[in-house]
Structures are given as C-alpha cells and as structure tokens.
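Single-structure report; data block below.
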Amino acid sequence: MLDVTIENRWARAVSVRVTTEIFELGEDDRPRGDAVAAFPPRQVRVPAQGQATVSGMATVRNPKLWGPPPTQTPHRYVAVTTLWLDGRPVDRYETRFGIRSLRFDPERGLLINGERIEIKGVNQHHDLGPLGAASTEGRPSASSNCCVRWAPTPFVPPITRRLLSCWSLPTAWASSCSTRSSTSGRCEKPRLTST
C-alpha cells in the first residue's frame, strides 16, 4: 500500500495523473531493469493552494526478501512515483523499501523471514561525549553492526540503511548484563569489540 500526497502551490486547481512503478535496487542504490510491479494510474484533482491524497496497492510477485547479513541479503526495491500534467512529467519521487516478514516468538525470539536472528545491540542515548545526541554516518552509534533502539533521539537515514532498527522490540538483551555496578546495581556500559 502506498499513499501519495500531492501539494498544489499554484493559484488554480489542477488535474494530475499519478503513476508508480516498482523496481529492484542494484548495489549502486539505483533502479535496475524493468518494473517488477506497478500501481494502477490515478487521475486526481488538486485544489488551488491545496492537497490531495491518493492510495494504491501493487503486488511484487516472488519478491527478493530483505534480510540482515551475514545469513541473509538486504534486497531492496524503489517505488518511483511520477506526477503528470498535460501529458508531461512535472515531479518524481522515489521511495526505497524492503520486503520481509518479521515476527517475535516467545520461544524462539526474533524471526526475520523465518530465520531466528539473535538480538545484539545498545540502547542509544546521549553518550557521544561532546557530540551529545549527534549521530552521523562518520560517527554512528557505538554498535554499527547491531540492532539499535534509538531512545529518544531520531535516527540518521544513512545509518539505518546498515542497521536493523528495532523501535519497539522488547529489550531482551538487558537481562544478559555481564557487569553490574556494585553501588547502583545498574548494568555498566560494556566494552564493545568488533567481530
């Protein structure tokens, strides 16, 4: 399902045609090959200085699933939406996404595409010293190959392309604290090593 909101900044109402095609993304982050699916084209009237929203659905047959490395491949797609006015393209927007199944099972834990994935990670807070809540592609969170629950700082899009962001998964890893403070009983910050 895709919702497209069209904003008309002109002083007159317009009628536009909305098309959306879905392509596989190559390793270079660009659409590759022919469209694997398309939403039915929609004609919509947008009032002067106003907005209109159209919705549509499309099916990607036999999708290549997004999954976390190293045991799965993070296949992605892009939905390319084009607005047409009087037969000419006037705007284009790309929405990148992946297709996967995600389930949390009380017995087996997190399952992505049916495979059990061990949750490892941090609860990201303002702990980057003088950078505070800043998190950039050059200085990501302390755990760049793990699941990160950002709390409450918003994420940086380049980082989430590399991470599995877990916004609301239970913090099951909190019980595996290896170093507790002798005074407060809190879990102390572990030393992170790369593997």
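The values are calculated or read from the model by the stated rules, or taken from the named source; none is laboratory data. Note that this is a predicted model, so its numbers are computed, not measured. Cβ: placed from backbone, ideal geometry, glycine included. Neighbour counts: every protein chain shown. For the accessible areas, the whole protein counts, side chains as well, though only heavy atoms, and no ligand, DNA or RNA atoms are used. Shrake-Rupley method; radii C 1.70, N 1.55, O 1.52, S 1.80 Å.
Quick notes on this one:
- Restricting segment 118-143 to residues that are surrounded by 14 or more Cβ atoms within 10 Å (Cβ to Cβ) and closer than 28 Å to Ala79 by Cα leaves a set whose member that is modelled with the lowest pLDDT is Pro140.
- Among the conditions (1) over 21 Å from the mean Cα position of the chain (by Cα); (2) at pLDDT below 95, the only one that Arg103 does not satisfy is (1).
- Residue satisfying all of: in segment 102-117; open to solvent by 60 Å² or more (accessible area, probe 1.4 Å) and not in a strand (DSSP E or B); nearest to Thr73 (Cα to Cα) among these: Arg108
Residue-wise test of (1) farther than 24 Å from Glu115 by Cβ; (2) surrounded by 15 or more Cβ atoms within 10 Å (Cβ to Cβ); (3) under 17 Å from the mean Cα position of the chain (by Cα).
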{"residue": "Arg17", "(1), (2), (3)": "yes, yes, no"}
{"residue": "Phe23", "(1), (2), (3)": "yes, yes, yes"}
{"residue": "Arg45", "(1), (2), (3)": "yes, no, no"}
{"residue": "Gly67", "(1), (2), (3)": "no, yes, yes"}
{"residue": "Pro74", "(1), (2), (3)": "no, yes, yes"}
{"residue": "Tyr77", "(1), (2), (3)": "no, yes, yes"}
{"residue": "Pro89", "(1), (2), (3)": "yes, no, no"}
{"residue": "Arg92", "(1), (2), (3)": "yes, no, no"}
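- Selection of strands (runs of 3 or more DSSP E) fully inside segment 4-75 by the criterion of at least 2 residues being among the polar types (S, T, N, Q) and modelled with pLDDT of 95 or more returns 14-25, 51-56.
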